[in-house]
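The values are calculated or read from the model by the stated rules, or taken from the named source; none is laboratory data. Source: prediction; values computed, not measured. Heads up, the Cβs are rebuilt from the backbone with ideal geometry, glycines too, and the neighbour counts pull from every protein chain shown.
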Amino acid sequence: MDVAGAYGAGKAGAPIDPLNFIQRPPVILRAVCLLFAIIVFGCISSQGWVTEDGKQVCQYNRDANACNYGVGIGVIAFLASVGFLAGEFMFEQMSSVKTRKHYVLADLGFSGFWAFLYFVGFCYLTNQWSKSADPDEGYGVNNLQAAIAFSFFSIFTWAGCAWFAYRRFTQGSESAFAPSYEADPGSIPGGGPYSSYPVGMDGDAGYQEPPFSGAQTRGPVGTEFQAPAY
């Protein structure tokens, strides 16, 4: 099956232009998702835990689940972003329309779901941070607040990825139901000129004098018309 233009991509087997690839809005947004994921799990992993009485305690109101949740969604978001970037790079090399459809649906479902999880994570971390005591000497405050802030930003980046995937899916659906024949331009209103009078068989497209013309009603040359006498 010809997959030229299927799901917003070019024909399979077309050469890949790296410069054009990195300038695509979905690729840029996916790279931003990857960066935000690194910041979220990096900030929590580095200074989200403190040692008290020989035990590791989460600074988000001593709730270990809060730290684990933030690190978990960040790590998975990082791995998923890398995978989707690789899939985006190879998307135009997918020769099967079904394969492209499955990739787009996976992108749409995962991106929408992860935007929701980041929303939950933002609310969770914000709530626990508001109940937390001030860390000793302000240790890790900037990192903990940065994790909350970039969790909030990630809601919109992942929702943007879901929106791009939805647009690509609708483009694929429209191309799947598009007619495969070419209509006659003359049969479509406004599609082309309509010929209603055939050209003469002798090929003469010029004007032809109609029968019973005035030439037959005229008298001999040189005579004038005389009115009849009553």
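For (1) hydroxyl-bearing (S, T, Y); (2) closer than 18 Å to F156 by Cα; (3) out of contact with any strand residue (DSSP E or B) (no Cβ under 8 Å at 6 or more places or on another chain), each residue gets a yes or a no:
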| residue | (1), (2), (3) |
| --- | --- |
| P26 | no, yes, yes |
| I38 | no, yes, yes |
| G42 | no, no, yes |
| A64 | no, no, no |
| I73 | no, yes, yes |
| F78 | no, yes, yes |
| G87 | no, no, yes |
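None of V50, V40, V27 is surrounded by 11 or more Cβ atoms within 10 Å (Cβ to Cβ), closer than 28 Å to Q171 by Cβ and modelled with pLDDT of 65 or more except V27. The residues in segment 66-98 that are farther than 14 Å from S111 by Cα and either surrounded by fewer than 15 Cβ atoms within 10 Å (Cβ to Cβ) or in contact with a Lys or Arg (Cβ under 6 Å, 6 or more places away or on another chain) (or both) can be counted, and the count is 9.
Of all residues in segment 120-135, exactly one satisfies the criterion of being surrounded by fewer than 17 Cβ atoms within 10 Å (Cβ to Cβ) and either within 21 Å of A31 (Cβ to Cβ) or in contact with a strand residue (DSSP E or B) (Cβ under 8 Å, 6 or more places away or on another chain) (or both), namely P135. Total residues in segment 125-140 satisfying the condition of being at pLDDT 95 or above and either in a loop (DSSP other than H, G, I, E, B) or touching a Lys or Arg at 6+ places or on another chain (Cβ under 7 Å) (or both): the figure is 0.
The set of residues from segment 58-96 being hydrophobic (A, V, I, L, M, F, W, C), within 15 Å of W129 (Cα to Cα) and either outside any helix (DSSP H, G or I) or free of Cβ contacts under 8 Å to residues at least 24 places away in the same chain (or both) comprises C58, A64, C67.
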